[in-house]
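Working notes for the structure below.
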Amino acid sequence: MATLVASAPAARKLAPDEWVARGGVVAFAVWLLITIALPLWALLSKSFQNRDGAFVGLANYLTYFSNSALFSSFENSLVVSIIATMVTLPGAFLYAYALTRSNMKAKGLFSALALIPILAPSLLPALALIYLFGNQGLLRSLLLGHSIYGPLGIIIAEAFYTFPHALLILVTALRTADARLFESAAALGASPRRIFLTVTLPGVRYGILSAALVTFTLVMTDFGAPKVIGGRFNVLATDVYKQVIGQQNFQIGAVVGMMLLLPAVLSFAAEQFTRRRQTAQLTAQAVPLVPKPNPLSDWLFTGFCILIIIPIAGILATAAWASFIKFWPYNLTLGLGNYAFAKFETAGWLPYWNSLRLAAWTAVVGTALIFTGAYLQEKTRGLPIVRAIVQLFAMLPLAVPGLVLGLSYIFFFNHPRNPLVFLYGTMAILVINTVAHFYTVGHLTAVTALKQLDSEFEAVSASLRAPFYRTFWKVTVPVCLPAILDIAIYMFVNAMTTVSAVIFLWVPQTRVSSIAVVYLDDAGHQGSAAAMSMMIVYTSAAVKVLHLLLVRALANTQAWRKR
Amino acid sequence: MRTEPAGSRPTHGAGHVGAPYLQVEGVWKAFGSFTALKDVTFDIPPGDLICLLGPSGCGKTTLMRIIMGLETQTRGRLIRGGRDISVLPPAERDFGIVFQSYALFPNLTVFGNVAYGLHSRRMSRAQVRSRVEELLTLIGLSDSGGKYPAQLSGGQQQRVALARALAPSPSLLLLDEPLSALDARLRVRLRHEVRSLQRRLRVTTMLVTHDQEEALTMADRIVVMNRGEIEQIGTPMEVYRAPRTPFVADFVGEMNFLDGVLVAPGRVRVAGADLQCGPTNGLPVQTAVRICFRPEDVDVRSPSAEATNAMPVEITALDFLGSFYRATLRPTAGGAAEVRADVPIHLQRELDLAPGKTLTASLPADRIRIFANRD
């Protein structure tokens, strides 16, 4: 023994809890493989196969590109996404600037109002726009003869839908400013305009790029808005649905899926690249910037924010109003008739209860899985190769549109030779899919929280002979509870509002409310569709309020959180 | 079940008294092509406090982590009380650890933190309570059991971390830069507290630090490391008085270096002067050498005074350091060489020292160390 150790590299004996940790990391890698990597592989291979499953090379792609009707949707998607990004970004930037760098009043209120669209599915703004500008719309004359059905409607709906996402990124970018740079610039006699161009903008350019890429990808891959308001204007997202559900053409469906995946992956790569550059800019000694009062600009910013809030609140109010109107446009008296869903479709309230179940399961299972996985990944040791794979798979979902993931799930889980085929058509597969779809943001939240913990907790517990899972349960989870709640709420709200991730996977027993909105709208029951959309908003909002109360309660009852 | 303080370490397998408690034998560690530790060997006698001293990046933290079991050595053995523990996981090594950050669990009270390691030891609730109270009394925080770490001062947190590490009566205490997060004054006080606690409990201790003052005041023996290798092992006095390498001479305390030539056994020519020096370690005559001596060993006299082993110097700078002056001296025949000397306040007054004045600097032969000059 002694001579062997002295000559060959020693391998340390593993403690029982280290075996548990390694087992956990492997199980976790397998889980990510099954729920993320293998389905995507199934999609990729499907796009190179014919109906009988034989490899045909690029034949499907050639069919796709030679079909001008199909290819034009690619161009449509691109144009709509670019314009929607160009519309959303400047507004979101100024709004974020007002929230972070001005001294205007009621910032909390403005920030809360602007974030409301996050609680709604993208179907909601599209429905509301139809009430406002549709064939029988209230404000139709404002369009001067243009039709809301098509690119115009999609762009406005997407601007509503993506605004809070862009805003959150820009607020984060603008908040992390070093006051010393501004003071130095001012001391050197730079004008406010010059300071803005030479200090402010360069400091947030990666934030702006990141917001632009996120907005672009969200629009490109959104299914809800174009489905409701797109009319005969085809985009990739609606195409893939038509090919797969309408024509059962899985091969072309797979190709369209790959076309959707491509821009998402590209912007994801660009985003990752810029994120790496951004972190290098901030130093530990940075002094936070405290905006100085300036009555004129503060009022201008307030005015601007009100200008932005009016359409956002207006769209939301219209949807709420529409959900209570008895019979548009002939009987405008208010009532709860639209909420009697059984009158409009046989499933009645079932989709709503299904959504609650899906959201609750996704929040509970997803959060437990994501946090435990992130903990094992960050805080235990060994198996470096498995860990690298986990790292890759955990970041992948951010680049995969929900529609693409859903499509991949059909190909993978519905394959007759897959032993997991029994999952198909169950609530479980909806939960698995939704967890996988929103995995990355939750994972990053967990990792950020875990990185703030002392890196020696695990070493200390080992020296005290406490297995890592005891410390995980006794220390890590309690300390990270706010982050865990953040992940849970994120999973819940997204599971409530998502359309694209589940559109391919539901069966009548597991139909959820966002799908019900699509079908109610298809069947001409716009009022009821609005009512179902609003049910999603009410629920998400209620859960969000509950979350805020819980966070406040945690801060007040746990003495050790006070500094 | 132990009821007495943690001092009663298990002595199983330790052999007769005086046998090393922990033996580090030929430990190597490579990270890829970088060798972090080269053939590190030393012993820790039972009850001693050993200090691993070295600049950042010298490998001392890597060595500490290997001893803890957090890293695995590429080669070499660790033996504790006669038992090979080279490949044991941290939990089976029976070591208590205090990290630089303390790593106190923020959501547990002081009591909960100290009791954390007692959970796995089949102790009754009452036994745990009495053990924790005993330790809290020991560190002078018996009233703070219900407080959370964030409510304590840095020094109190440090002591709680120490109590937590000591609670399961570990056979070896490992302290990783335990005082460096504290302010200077508190650090000096806690040095004495930690040291007297360690002495009282007679717990074998290894302390890692880059602070030579900490090592000199606290350690029974110091292991000086540089670039992954041990430069010298010795008592604080040995390391300070008789540094074995130029690195140790430079790293521990203030030191003057002068280049010269060995002109005869025990005689060197430096900065234009012939000086008697200490043992020349068998270096051949005419070797290029580097001599070193400490500023406090330089005896400054007026140019007219009688002086042996001396050289004429001119004061180029005089810095007031509170209880003494540090003079920067240029040997008048020595070109660009400079020598620092500590001058007592009264001597500065007597000789009316000021920059520009010339003096005689006398160097006691037995305080001059000599090394071969390899540059």
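For the residues of B:64-76, the average number of beta carbons from a partner chain within 10 Å of their own beta carbon is 3. Placing +1 on the Cβ of every Lys and Arg and -1 on the Cβ of every Asp and Glu, with nothing else charged, gives chain A a dipole about its Cα centre of roughly 1120 debye. Think of segment A:1-118 as a dipole: +1 on every Lys or Arg Cβ, -1 on every Asp or Glu Cβ, centred on the Cα centre; then among A:N76, A:L14, A:A29, A:L14 lies furthest on the positive end.
Classification of segment A:475-563 by its C-alpha gyration tensor yields a prolate form. The axis ratio a/c (a ≥ b ≥ c) is 1.5 or more, and a/b outweighs b/c. Rank B:I222, B:I139, B:I230 by mean-square fluctuation in a GNM of chain B with C-alpha springs under 10 angstrom and give only the top-ranked residue. Result: B:I139 has the largest fluctuation of those listed. Note that segment A:244-252 has calculated 3J(HN,Hα) couplings of 7, 7, x, 9, 6, 8, 5, 5, 5 Hz, one per residue in order, obtained from phi through the Karplus relation 6.51 cos²θ - 1.76 cosθ + 1.60 (θ = phi - 60°); glycine and proline are x.
Rounded to the nearest 10 degrees, the inclination of helix B:125-138 to the longest alpha-carbon principal axis of chain B is 20 degrees.
Take each residue of peptide B:111-123, count the partner chain Cβ atoms within 10 Å of its Cβ, and average: the result is 3. Apply the a/c threshold of 1.5 to the C-alpha gyration tensor of chain A and tell me whether it is rounded, prolate or oblate. It is oblate, given that a/c is not under 1.5 and a/b is not larger than b/c. A Förster radius of 22 Å, combined with the Cβ-Cβ distance separating A:A27 from A:V507, puts the computed FRET efficiency at roughly 0.15. The amide H of A:I148, built 1.01 Å from its N in the peptide plane, has no neighbour under 5 Å, considering only residues 5 or more places off or on other chains. Largest GNM mean-square fluctuation among B:A36, B:A305, B:A163, using chain B with Cα springs under 10 Å: B:A305. Each of A:M491, B:M255, B:M68 was scored by other Cβ atoms within 10 Å of its Cβ. Listed from fewest to most, they are B:M255, B:M68, A:M491.
Under the convention that each Lys and Arg Cβ holds +1 and each Asp and Glu Cβ holds -1, the size of the dipole of chain B around its Cα centre is about 1300 debye. Applied to segment A:413-429, the Karplus parametrisation 6.51 cos²θ - 1.76 cosθ + 1.60 on θ = phi - 60° returns per-residue 3J(HN,Hα) values of 7, 8, 5, x, 8, 7, x, 8, 4, 4, 5, 4, x, 9, 5, 4, 5 Hz, with x for Gly and Pro. Pairs with C-alpha atoms separated by more than 20 Å, drawn from the list A:K474/B:K60; A:K107/A:K451; A:K451/B:K60; A:K379/B:K29; A:K379/A:K451; A:K227/A:K326, are A:K474/B:K60; A:K107/A:K451; A:K451/B:K60; A:K379/B:K29; A:K227/A:K326. Taken residue by residue and averaged, Cβ atoms of other chains lying within 10 Å of the Cβ of B:81-91 number 5. Most fluctuating residue of B:P236, B:P364, B:P170 in a GNM of chain B with Cα springs under 10 Å: which is it? Judging by the Gaussian network model, the answer is B:P364.
Only DSSP H runs of four or more residues enter the estimate; each adds -39500 (n - 2.57), and after division by the residues of chain A the mean residue ellipticity at 222 nm equals -21500 deg cm²/dmol. Karplus-derived 3J(HN,Hα) values for segment B:281-296, using 6.51 cos²θ - 1.76 cosθ + 1.60 with θ = phi - 60°, are 6, x, 5, x, 4, 6, 6, 6, 10, 10, 9, 9, 7, 8, x, 6 Hz; glycine and proline are entered as x.
Packing, as the average of other Cβ atoms within 10 Å across residues, places the peptides A:181-189, A:328-336, A:117-125 in the order A:117-125, A:181-189, A:328-336, highest first.
Provide the packing ranking of A:236-249, A:403-416, i.e. peptides ordered by the mean count of other C-beta atoms within 10 Å per residue, highest first. If you can, show how the numbers build up before the last one.
Values: A:236-249: 19.6, A:403-416: 23.9.
My ranking of the peptides, most packed first, is A:403-416, A:236-249.
Given a cut-off of under 8 Å on Cα pairs at least six residues apart, what relative contact order in percent is computed for segment B:81-236?
Details: 190 pairs, mean separation 39.1, N = 156.
Normalised by residue count, the contact order of segment B:81-236 is 25 percent.
Around the amide H of B:I97, modelled in the peptide plane, lie the amide H atoms of B:L174, all under 5 Å away and 5 or more residues distant in sequence or on another chain. Computed from the C-beta positions of B:R121 and A:L201 and an R0 of 45 Å, the FRET efficiency is 0.15 to the nearest 0.05. Dipole magnitude for segment A:75-192: about 340 debye, using +1 per Lys or Arg Cβ and -1 per Asp or Glu Cβ, origin at the Cα centre.
What percent do you get for the relative contact order of chain B when only Cα pairs under 8 Å and 6+ apart count?
Values: 773 pairs, mean separation 59.0, N = 375.
After rounding, I find 16 percent.
Between B:D183 and A:R357, the simple spin-label model (points 7 angstrom out along Cα→Cβ) gives 6.2 nm. Relative protection proxy for B:144-154, A:260-270, from highest mean packing down: A:260-270, B:144-154 (other beta-carbon atoms within 10 angstrom). Residues whose amide H falls under 5 Å from that of B:N226, counting only those 5 or more places apart or on a different chain, are B:E231, with hydrogens built in the peptide plane.
Would you please classify the overall shape of segment B:232-324 from the alpha carbon gyration tensor, given that a ≥ b ≥ c denote the square roots of the eigenvalues, rounded means a/c under 1.5, and beyond that prolate means a/b larger than b/c while oblate covers the rest? Oblate is the answer for segment B:232-324, as a/c is 1.5 or above yet b/c matches or exceeds a/b.
Using a Förster distance of 25 angstrom, determine the FRET efficiency expected from the C-beta separation of A:I309 and A:L546, and round it to 0.05.
Values: r = 24 Å, r/R0 = 0.97.
E between A:I309 and A:L546, to the nearest 0.05, is 0.55.
Compared with the alpha-carbon gap, the fully stretched path from A:D52 to A:L334 is longer by 96.0 nm at 0.36 nm per residue. Mean residue ellipticity at 222 nm, helices only, chain B: -6500 deg cm²/dmol; runs of at least 4 DSSP H residues each add -39,500 (n - 2.57), and the sum is divided by the number of residues.
Since every read-out is calculated from the coordinates, none of them should be taken as a lab result. What you see is a predicted model; the values in this text were computed from it and never measured. Here Cβ is always computed from backbone atoms with ideal geometry, including for glycine, and neighbour counts include all displayed protein chains.
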